[in-house]
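Enquirer: Before we start, here is the structure in question, set down as structure tokens.
No lab work stands behind these numbers, since they all come straight from the coordinates. The model shown is predicted, which means the values in this text are computed figures rather than measured ones. A quick note on method: Cβ atoms are made from the backbone with ideal geometry, for glycine too, and the neighbour counts reach across all protein chains shown.
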Amino acid sequence: MLEIKNLHVSAGGQEILRGVDLVVNAGEVHAIMGPNGSGKSTLSYVLAGRPGYEITGGSIHYFGEDLTTLQPEMRAAKGIFLGFQYPVEIPGVATMTFLKHAINAQRKTRGEDELDAMGVMKLVQREAGKLKISADMLKRPVNTGFSGGEKKRCEILQMAVLQPLLAVLDETDSGLDVDALRLVGDGISGLRAPDRAMIVITHYQRLLDHIVPDFVHVLAKGKITRSGGRELALELDREGYGETAPQTRITAGA
């Protein structure tokens, strides 16, 4: 599904990613961990096509297509979803209205029939119930006045109704208390599917208690320096990052 080779990325004249290699297959969950400033969020932004980041070397292919040639809206239409560490507020736009336009914009770009208001409502309400999102919350402006947990649940709701093929979740656990973490983590885990891959970016192992990854990677100083299974996350939780060891290559899906 996703193949990243020797990716180098700069922003503001500073090199951030210095040769990232990663292969993600359908149905897999990859956790990317690492210290602050290692390039984790930069990787997520580059995959989504956020402006301000310059690819200076390497390649990114998504289902064999050069991802870097696509605008962000086309990446979304082709099934790429980015969950933000700090979801933005959109004052004046009701959450339900936002979801309706997002769903139908995606369907229109794909050449599919748009859903009418009732179709959107049924879809949203079915998924909202799983995340304990009330009808009142759906009427409120997107993320405006929401708590940290409400913002993250709203993002997982977006993911649930848009049904991406590749979900990139950037520090979804940021700002969540124990109860909210469990609800969000279980919501994400419930969206695992054979045709969907996830890249979960996090500092801490606690999120991975709920979203058990197939592979764990350490990103440090702009490169993936170690890869392993869930036991690697447990080791990092006990011992910290310390000095990064030479990269251990693991072929995803093997």
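Enquirer: Hey, with R₀ at 22 Å, roughly what FRET efficiency would HIS101 and LYS122 work out to, going by the Cβ-Cβ distance, to 0.05?
Expert: Here the calculated transfer efficiency is 0.85.
Enquirer: Residue farthest toward the positive end of the dipole of the chain, with Cβ of Lys/Arg at +1 and Asp/Glu at -1: which of ALA180, LEU162, GLY79?
Expert: With unit charges placed on the Cβ atoms, the residue in question is LEU162.
Enquirer: Follow-up question, since we're still on this one. Given the options PHE63, GLY34, ILE16, identify the residue whose Cα lies farthest towards the positive end of the charge dipole of region 1-87 (+1 on Cβ of Lys, Arg; -1 on Cβ of Asp, Glu).
Expert: Toward the positive end, the furthest listed residue is GLY34.
Enquirer: Test of understanding: in a Gaussian network model of the chain with alpha carbons linked when under 10 Å, which of VAL20, VAL29, VAL184 would top the mean-square fluctuation ranking?
Expert: VAL20
Enquirer: Quick one: putting +1 on the C-beta of Lys and Arg, -1 on the C-beta of Asp and Glu, what dipole do you get for the chain around its Cα centre, in Debye to the nearest 20?
Expert: 300 debye
Enquirer: Where both partners of a DSSP beta bridge lie in region 2-239, what percent of those bridges are antiparallel, to the nearest 5?
Expert: 60 percent
Enquirer: Please give the helix 95-109 orientation as an angle from the longest Cα principal axis of the chain, in degrees from 0 to 90, rounded to the nearest 10.
Expert: For helix 95-109, the angle is close to 70 degrees.
Enquirer: To the nearest 0.05, how large is the calculated FRET efficiency for LYS108 and GLU231 if R₀ is 51 Å and r is the Cβ-Cβ distance?
Expert: 0.70
Enquirer: What is the chain's relative contact order, in percent, from Cα pairs under 8 angstrom and six or more apart in sequence?
Expert: Relative contact order comes out at 28 percent.
Enquirer: Taking the chain as the reference, fit the longest principal axis to its C-alpha atoms, fit the long axis of helix 117-130 to the helix C-alpha atoms, and give the angle between the two in degrees, 0 to 90, nearest 10.
Expert: Once rounded, the angle reads 50 degrees.
Enquirer: Nearest 10 degrees is fine. How inclined is helix 230-239 to the longest principal axis of the chain, computing both from alpha carbons?
Expert: 70 degrees
Enquirer: Another question, then. Which order do the peptides 30-36, 165-171 come out in when sorted by mean C-beta neighbours inside 10 angstrom, highest first?
Expert: In decreasing order of mean packing, 30-36, 165-171 become 165-171, 30-36.
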